[in-house]
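**Q** One structure follows; several queries about it will come next.
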Amino acid sequence: MDELDAVIPSLEPFRVEQVPPIIYYVPDFISEQEETQLLRQVYEAPKPKWTQLSGRKLQNWGGLPHPKGMVPEQLPRWLQHWVDTVSSLGLFGGAQANHVLVNEYRPGEGIMPLYSQRGHHGKSEPLNTQPHEDGPLYYPTVSTISLGSHTILDMYLPRGPELEKDLREEQPQPLPKFSLLVEPRSLLVLRGEAYTHLLHGIRPTLIDSLTETPVANAAACPSAQPDALLPRGTRISLTIRRVPRVLRTSLLLSKKSLSTK
Ligand SMILES: O=C(O)CCC(=O)C(=O)O
Ligand SMILES: [Fe+2]
């Protein structure tokens, strides 16, 4: 995806300027009422839907992404609505998103781990505490609707080969190249190089100081007063993506029935 392909004309007014392309930030993408309803639906999901990881817990919807293809699972209606809304913006090359990861972060939690090259939503386990990229199983766009609390997403340049050399060695925490304030009810879109090239993470902290961490999208954020101290609450993120490689279940079923003959 070159930069021209990555531009979404209807979102251009929401482009975060002066950062590597392409990042869109839409404050108040959903209403407070929609937020309340979504939060209720997330917490009404059956208990076994949650997977506890270190530093967050998550619900995986739509199937498990896999290099050989994802066996698709129908999304619940309440998620399908937002998947349709986001897809209709044209974020996935005219196709539909088909996968949603719901993350819950309590205050002081975050997502920093480095995951294996396979992308981190399969079976791979965190190896250490470096930021990550979302990997090649997805169409190179991630769209995130946030509920309940803000967070700060830190964006990092990729590790150079000298850092890649020996991951077992103790390494200093890299500094973010830039950071983004992600407010509740907002839509954040990372696309193009911002998806394929940069790494991202959320520092596990209880309070964000915009003096210590200036944010690149401050001009677009109602809550980004210059010296703001923002205590983190519990944040739910819906990360909506497209897994292009899907296996047709009908095909799987017919193969299975053949092999049992
Ligand atoms: O919660 C977020 O906004 C980021 C989540 C994330 O990086 C991921 O699920 O890959
Ligand atoms: Fe991610």
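**Q** Given the peptides 84-94, 42-52, arrange them by the average over their residues of other C-beta atoms within 10 Å, most packed first.
**A** 84-94, 42-52
**Q** Determine, for each peptide in 220-229, 19-28, 139-148, the mean count of other beta carbons within 10 angstrom over its residues, then list the peptides with the highest first.
**A** 139-148, 19-28, 220-229
**Q** Starting from the exponent 0.38 and prefactor 2.2 Å, build the expected Rg for segment 170-235 from its residue count and divide its actual Cα Rg by it.
**A** Relative to the 2.2 N^0.38 Å estimate, segment 170-235 comes out at 1.20.
**Q** With Cβ to Cβ distances under 14 Å as the rule, what net charge do the other residues near Pro21 carry (K, R +1; D, E -1)?
**A** With Lys, Arg at +1 and Asp, Glu at -1, the neighbours total -3.
**Q** Cα centroids of segment 1-62 and segment 76-101: how far apart, whole angstrom?
**A** For segment 1-62 versus segment 76-101, the Cα centre distance is 11 Å.
Throughout, read-outs are computed from the coordinates displayed, never taken from laboratory work. What you see is a predicted model, and the numbers here were worked out from it, not measured in a lab. We place every Cβ from the backbone using ideal geometry, glycine too, and count neighbours over all the protein chains shown.
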